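K.L.:
I have a structure I would like to understand better, so I am pasting it below and will then ask my questions one at a time.
The values are calculated or read from the model by the stated rules, or taken from the named source; none is laboratory data. Just so you know, these numbers come straight off a predicted model, no measurement behind them. Every residue, glycine as well, gets a Cβ built from its backbone with ideal geometry; the counts of neighbours run over all protein chains shown. Remember, those area values only see protein heavy atoms, side chains included, never the ligands or the DNA or RNA. Shrake-Rupley method; radii C 1.70, N 1.55, O 1.52, S 1.80 Å.
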Amino acid sequence: MTERHRLGLLVDQAFYGSTYQGRDAWRAAALSGAEWLCIVEEAMDLKPERLLQLRDDADAVGLPICLTACHAFGLSDHRDVVREFNLSRTEAHIDLTRELGGHVMKMLLGEWIWRSMWPEEAQWQILVDSLRRLADHARSRGIQLSVKPEPLDSAFVPDVDALVRLLDDVGSPDLKANIDVSHLVVQGVPAAEVGRLPQRVNSVDFSDSNGKYHEHLPPGDGVADLPAFTEQLLTVEAEWIGVEVGPFTDPENAYDKVARSLAETKRLFDAARQARSAGRG
């Protein structure tokens with residue numbers, strides 16, 4: 001199994017509010033079955049000593065930081081100075097991803113805050129132009145970008161339709177899709193829709209869903225058809241499968257829930273691979 005197909009964990013979110021913090025959370029992730037980490041850090045004010053600490057913590061627990069995440073809001077703001085700040089900030093996060101030894105940076109594009117005031121097509125084109133610039137910057141750093149759907153009616157990318165359109169319009173091999181299973185379930189997007197993204201999914205946030213609102217549940221605790229999503233993710237050759245669970249309302253049980261989530265995700269993907277192999281036999 002290649003590195004990018006091993007199971008990762010969005011570690012800070014999973015252990016938020018628990019007794020596991022910092023390196024202790026990363027060590028707990030390793031003990032519960034994670035094989036790589038996704039972290040969120042603010043690049044604009046990151047001190048050199050903090051960067052060294054993050055590297056040392058990863059080495060100490062034996063888990064590489066393969067993915068990072070950036071809340072890349074403001075990329076479509078019509079005001080040049082605001083947009084330029086957000087572009088520069090996102091480029092700094094791309095640079096940080098490289099400094100940490102990562103491979104992919106996920107971007108959360110946020111809400112379409114000017115939707116009722118500015119023409120949607122004009123704002124969409126500004127976003128496309130911004131993402132082309134960021135993809136060029138990412139390519140120069142050896143990083144891929146990943147855009148994830150958000151379960152908001154005012155989001156830029158709420159579903160697979162918008163993901164496909166955005167990837168097509170940007171037209172860069174360095175910008176691909178993140179499939180957040182819980183987000184798609186809340187939006188009522190069936191698993192079959194993922195099949196529209198062959199070789200265009202470079203990261204996955206895997207969890208269950210209550211089907212009603214934004215919440216990342218351990219696999220098996222919600223209503224998502226996880227076997228169907230797993231099958232589609234294998235079909236499109238999705239990379240970097242990350243478990244995204246939490247924050248939990250009972251963080252004292254975070255370790256057990258994380259371990260169960262990783263084990264069940266592995267079982268689902270192993271079963272789907274075996275079924276595919278049997279079908280080809």
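K.L.:
Here is a list: 2, 90. Which entry is in contact with a strand residue (DSSP E or B) (Cβ under 9 Å, 6 or more places away or on another chain), within 21 Å of residue 202 (Cβ to Cβ) and among the polar types (S, T, N, Q)?
P.N.:
90
K.L.:
Just to be sure, is residue 176 under 17 Å from the mean Cα position of the chain (by Cα), open to solvent by 30 Å² or more (accessible area, probe 1.4 Å) and not hydrophobic (A, V, I, L, M, F, W, C)?
P.N.:
When the stated conditions are applied, residue 176 passes them.
K.L.:
Quickly run through region 128-147 and pick out the residues that are in contact with a helix residue (DSSP H, G or I) (Cβ under 8 Å, 6 or more places away or on another chain) and either open to solvent by 10 Å² or more (accessible area, probe 1.4 Å) or part of a helix (DSSP H, G or I) (or both).
P.N.:
Within region 128-147, 128, 130, 131, 132, 133, 134, 135, 137, 138, 141, 142, 144 qualify.
K.L.:
Looking at region 191-228, which of the residues that are hydroxyl-bearing (Ser, Thr, Tyr) and modelled with pLDDT of 95 or more is farthest from residue 69 (Cα to Cα)?
P.N.:
Filtering first and then ranking leaves 209.
K.L.:
For region 97-110, indicate whether the set of residues that are of a type in the set (D, E, K, R), closer than 25 Å to residue 180 by Cβ and part of a helix (DSSP H, G or I) is non-empty.
P.N.:
Within region 97-110, one or more residues are of a type in the set (D, E, K, R), closer than 25 Å to residue 180 by Cβ and part of a helix (DSSP H, G or I).
K.L.:
Which of the residues that make up region 15-34 are surrounded by 20 or more Cβ atoms within 10 Å (Cβ to Cβ) and closer than 20 Å to residue 103 by Cβ?
P.N.:
26, 29, 34
K.L.:
If you go through region 4-14 one residue at a time, how many are open to solvent by less than 40 Å² (accessible area, probe 1.4 Å) and either assigned to a helix (DSSP H, G or I) or out of contact with any His (no Cβ under 9 Å at 6 or more places or on another chain) (or both)?
P.N.:
Result for region 4-14: 5.
K.L.:
Can residue 272 be described as more than 28 Å from residue 175 (Cβ to Cβ) and of a type in the set (A, V, I, L, M)?
P.N.:
So residue 272 does not fit the description; no.
K.L.:
Looking only at region 54-81, which residues are modelled with pLDDT of 95 or more, surrounded by 14 or more Cβ atoms within 10 Å (Cβ to Cβ) and more than 21 Å from the chain's Cα centre (by Cα)?
P.N.:
Within region 54-81, 57, 61 meet the criteria.
K.L.:
Go through the residues of region 149-170 one by one and say whether even a single one is assigned to a loop (DSSP other than H, G, I, E, B), hydroxyl-bearing (Ser, Thr, Tyr), in contact (Cβ under 8 Å) with a residue 12 or more places away in the chain and farther than 20 Å from residue 241 by Cβ.
P.N.:
Yes, some residue in region 149-170 is assigned to a loop (DSSP other than H, G, I, E, B), hydroxyl-bearing (Ser, Thr, Tyr), in contact (Cβ under 8 Å) with a residue 12 or more places away in the chain and farther than 20 Å from residue 241 by Cβ.
K.L.:
If residue 121 satisfies every condition in (1) in a helix (DSSP H, G or I); (2) in contact (Cβ under 8 Å) with a residue 12 or more places away in the chain; (3) farther than 20 Å from residue 203 by Cβ; (4) not basic (Lys, Arg) but one, which is the exception?
P.N.:
Unmet for residue 121, out of (1) in a helix (DSSP H, G or I); (2) in contact (Cβ under 8 Å) with a residue 12 or more places away in the chain; (3) farther than 20 Å from residue 203 by Cβ; (4) not basic (Lys, Arg): (2).
K.L.:
Yes or no: residue 161 open to solvent by 30 Å² or more (accessible area, probe 1.4 Å), modelled with pLDDT under 95 and either in contact with a Lys or Arg (Cβ under 6 Å, 6 or more places away or on another chain) or acidic (Asp, Glu) (or both)?
P.N.:
In short, no.
K.L.:
Only residues that are touching an Asp or Glu at 6+ places or on another chain (Cβ under 9 Å), part of a helix (DSSP H, G or I) and either more than 15 Å from residue 30 (Cα to Cα) or open to solvent by less than 30 Å² (accessible area, probe 1.4 Å) (or both): list them for region 241-261, please.
P.N.:
The one that is touching an Asp or Glu at 6+ places or on another chain (Cβ under 9 Å), part of a helix (DSSP H, G or I) and either more than 15 Å from residue 30 (Cα to Cα) or open to solvent by less than 30 Å² (accessible area, probe 1.4 Å) (or both): 261.
K.L.:
Quick one: residue 188 ticks every box in (1) at pLDDT below 95; (2) assigned to a loop (DSSP other than H, G, I, E, B) bar one, so which box is it?
P.N.:
Every listed condition holds for residue 188 apart from (1).
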